[in-house]
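Comments concern the structure below.
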Amino acid sequence: MINDKFCMMITEILSSESYDFSAVREILVQYKEAGMKQGDMEQNLLELRSASSDNEIFEDRLLELLDCVVGWCYPTNKVY
């Protein structure tokens with residue numbers, strides 16, 4: 001299920017010049033703790049990716065977050 005609030009927040013953060021990976025990862029953890037399922041979070045991030053494929057920096061940051069959601073990262077960065 002697409003969560004518009006989540007997508008808008010992540011888009012704003014990833015578009016910021018003062019992007020902070022740790023801070024945005026913590027937001028993902030907060031959404032997880034609030035009950036967002038892993039598949040839903042992944043679906044929302046993939047939706048953002050398809051909508052913004054023309055911005056390479058945004059896409060790189062988004063893929064980094066997706067790696068944390070699906071587990072393709074250091075164990076300390078995993079969200080689920």
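Mind checking the full-extension length gain between Lys5 and Arg49? Use 0.36 nm per residue of separation minus the Cα-Cα distance, one decimal, nm.
Numbers: separation 44, 0.36 × 44 = 15.84 nm, distance 1.60 nm.
Length gained between Lys5 and Arg49: 14.2 nm.
Which whole-number percent of Cα pairs in the stretch 33-79 have a distance greater than 12 Å?
It works out to 61 percent of all Cα pairs.
With every protein chain kept in place and ligands, DNA and RNA left out, what is the accessible area per residue of the chain? Probe 1.4 Å, answer in Å².
Computed with neighbouring chains in place, this is 64 Å² per residue.
For the chain, which whole-number percentage of the solvent-accessible area (1.4 Å probe, protein heavy atoms only) is attributable to carbon and sulfur atoms? The partial results should precede the final answer.
Details: 2570 of 5110 Å².
Its accessible area is 50 percent carbon and sulfur atoms.
Are there any chymotrypsin sites (Phe, Trp or Tyr not before Pro) in the stretch 1-75 that are in a DSSP loop and have at most 16 other Cβ atoms within 10 Å? List them by number.
Those that pass, being in a loop and sparsely packed, are Tyr19, Trp72.
Mind checking the stretch 11-80 for trypsin sites (Lys or Arg not before Pro) that DSSP puts in a loop (not H, G, I, E or B) and that have at most 16 other Cβ atoms within 10 Å?
Lys37, Lys78
Can you pull out the GluC sites (Glu not before Pro) in the stretch 7-59 whose DSSP state is coil and whose Cβ has at most 11 other Cβ atoms within 10 Å?
Answer in residue order: Glu17.
When the helices in the chain are scored as -39500 (n - 2.57) per DSSP H run of 4 or longer and the sum is shared across all residues, what 222 nm value do you end up with, to the nearest 500 deg cm²/dmol? Let's see the in-between values first.
Details: 4 runs with 54 residues, N = 80.
Computed ellipticity for the chain at 222 nm equals -21500 deg cm²/dmol.
Please grab the % of Cα pairs in the chain that end up more than 23 Å from each other.
Summing the P(r) of the chain above 23 Å gives 10 percent of all pairs.
The values are calculated or read from the model by the stated rules, or taken from the named source; none is laboratory data. Remember, predicted model here, so these are calculated numbers, not experimental data. Heads up, the Cβs are rebuilt from the backbone with ideal geometry, glycines too, and the neighbour counts pull from every protein chain shown. Calculation scope for accessible area: heavy atoms of the full protein, side chains included, ligands and nucleic acids excluded. Shrake-Rupley method; radii C 1.70, N 1.55, O 1.52, S 1.80 Å.
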